[in-house]
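Below you'll find the structure, written out as structure tokens, and then a few comments.
Readers should treat all values here as calculations from the given coordinates under stated rules, not as data from a laboratory. Treat the numbers as computed from the prediction; the structure is a model and nothing was measured. All Cβ positions, glycine included, derive from the backbone under ideal geometry; neighbour counts span all protein chains shown.
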Ligand SMILES: Cc1cc2nc3c(=O)[nH]c(=O)nc-3n(C[C@H](O)[C@H](O)[C@H](O)COP(=O)(O)O)c2cc1C
């Protein structure tokens with residue numbers, strides 16, 4: 001068992017969070033992660049109005065009595081949701097934690113904290129980590145270049161981001177990007193993190209409701225089968241190397257404009273992948289950790305396996321210390 005400042009603050013058993021994921025993090029997955037002792041985080045961008053968010057939160061509460069979180073997405077959007085209203089719902093429903101991401105959470109910090117909710121802000125730059133702490137974030141998640149979703153534009157990896165953040169902050173730090181097993185958890189704790197935020201690995205679970213073709217593609221994929229796209233419009237995402245992703249990447253290399261890219265990158269375009277299972281036709285965020293995933297597991301199997309492997313790794317390291325220290 002690994003008890004950290006973050007597990008204590010969040011009231012969870014294991015220092016493992018499933019970050020909010022658009023298209024992925026709905027009630028069934030969120031509840032399964034929390035029920036297995038981690039913290040599941042609902043993606044409010046999938047339920048962007050008061051009624052649908054409330055319904056989904058109530059569904060989670062019918063599936064688990066354990067703490068869970070909600071992601072409030074602050075990334076630029078064509079139709080931005082009314083985040084104040086969504087946070088109000090979280091307060092009314094007694095949500096334990098809110099994960100914000102995408103830009104500074106400044107205008108929502110007071111509302112979240114007055115509502116008694118733990119604020120986790122997720123960043124890709126150390127300067128944003130420091131800002132988040134100064135604004136009152138209780139926990140800061142920091143992600144590295146290998147992550148699925150939006151990696152740092154400056155390409156700094158998790159191995160560097162985490163110790164920099166741990167040195168710079170007083171609040172607990174969570175490590176995200178490239179973590180999918182017990183070795184990754186121990187490495188993150190050794191770097192100074194108080195826990196991990198994982199995304200990609202939770203997509204290959206039975207409780208995850210995504211199309212089975214995507215899960216099969218994840219199991220087949222190697223670590224080299226992802227590509228960062230949309231760097232040219234400063235909205236970089238690491239995605240699975242599908243036909244569409246390669247097309248977008250190549251168009252960017254040739255200097256395509258935003259207007260030229262938009263028909264390919266609009267959310268609706270990828271619906272055929274997410275809903276119809278036409279994987280090659282979508283932009284599917286996925287991290288390099290995909291190379292470590294060899295089968296679909298239950299969420300409990302995944303989390304228990306990570307914790308057991310991490311305990312074995314720590315025992316192995318202690319043994320190493322005794323042998324070499326003699
Ligand atoms: C399919 C997918 C969708 C994601 N959507 C979001 C999102 O909407 N908001 C967000 O803050 N992070 C999002 N992320 C990032 C994850 O919450 C998490 O930080 C990241 O996956 C951790 O890196 P890993 O994939 O290497 O484990 C997404 C990641 C994936 C794989």
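Here is how the numbers come out for the structure above:
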item	result
Filtered residues of region 46-65 (kept if closer than 18 Å to residue 83 by Cα and either in contact (Cβ under 8 Å) with a residue 40 or more places away in the chain or buried (at least 18 other Cβ atoms within 10 Å of the Cβ) (or both))	46, 47, 48, 53, 56, 57
Search result, residues across region 86-99 that are touching a helix residue (DSSP H, G or I) at 6+ places or on another chain (Cβ under 7 Å) and crowded, with 18+ Cβ neighbours inside 10 Å	86, 87, 89, 95, 96, 97, 98
Region 4-19: number of residues that are buried (at least 24 other Cβ atoms within 10 Å of the Cβ) and under 17 Å from residue 187 (Cα atoms)	4
Filter result for residue 29 (within 12 Å of the ligand (Cβ to nearest atom), touching a residue at least 60 places away in the same chain (Cβ under 8 Å) and crowded, with 24+ Cβ neighbours inside 10 Å)	yes
Residue among 174, 185 that alone is closer than 21 Å to residue 295 by Cα and within 13 Å of the ligand (Cβ to nearest atom)	185
Test result for residue 86, more than 15 Å from the chain's Cα centre (by Cα), more than 11 Å from the ligand (Cβ to nearest atom) and farther than 30 Å from residue 186 by Cα	yes
Qualifying residues in region 292-313 (those that are part of a helix (DSSP H, G or I) and touching a helix residue (DSSP H, G or I) at 6+ places or on another chain (Cβ under 6 Å)) - the one farthest from residue 246 (Cα to Cα)	313
Filter result for residue 19 (within 16 Å of the ligand (Cβ to nearest atom), in contact with a helix residue (DSSP H, G or I) (Cβ under 6 Å, 6 or more places away or on another chain) and closer than 23 Å to residue 308 by Cα)	no
Enumeration of residues in region 137-164 that are away from the ligand (no atom under 14 Å from the Cβ) and either in a helix (DSSP H, G or I) or surrounded by fewer than 19 Cβ atoms within 10 Å (Cβ to Cβ) (or both)	153, 154, 155, 160, 163, 164
Subset of region 232-291 (residues that are in contact with a helix residue (DSSP H, G or I) (Cβ under 7 Å, 6 or more places away or on another chain), surrounded by fewer than 19 Cβ atoms within 10 Å (Cβ to Cβ) and outside any helix (DSSP H, G or I))	232, 233, 277, 278
Tabulated pairs, region 287-301, first within 11 Å of the ligand (Cβ to nearest atom), second part of a helix (DSSP H, G or I), C-beta under 7 angstrom, 6+ apart or interchain	287/200; 289/200; 289/201; 290/200; 290/218; 293/201; 293/218; 293/219
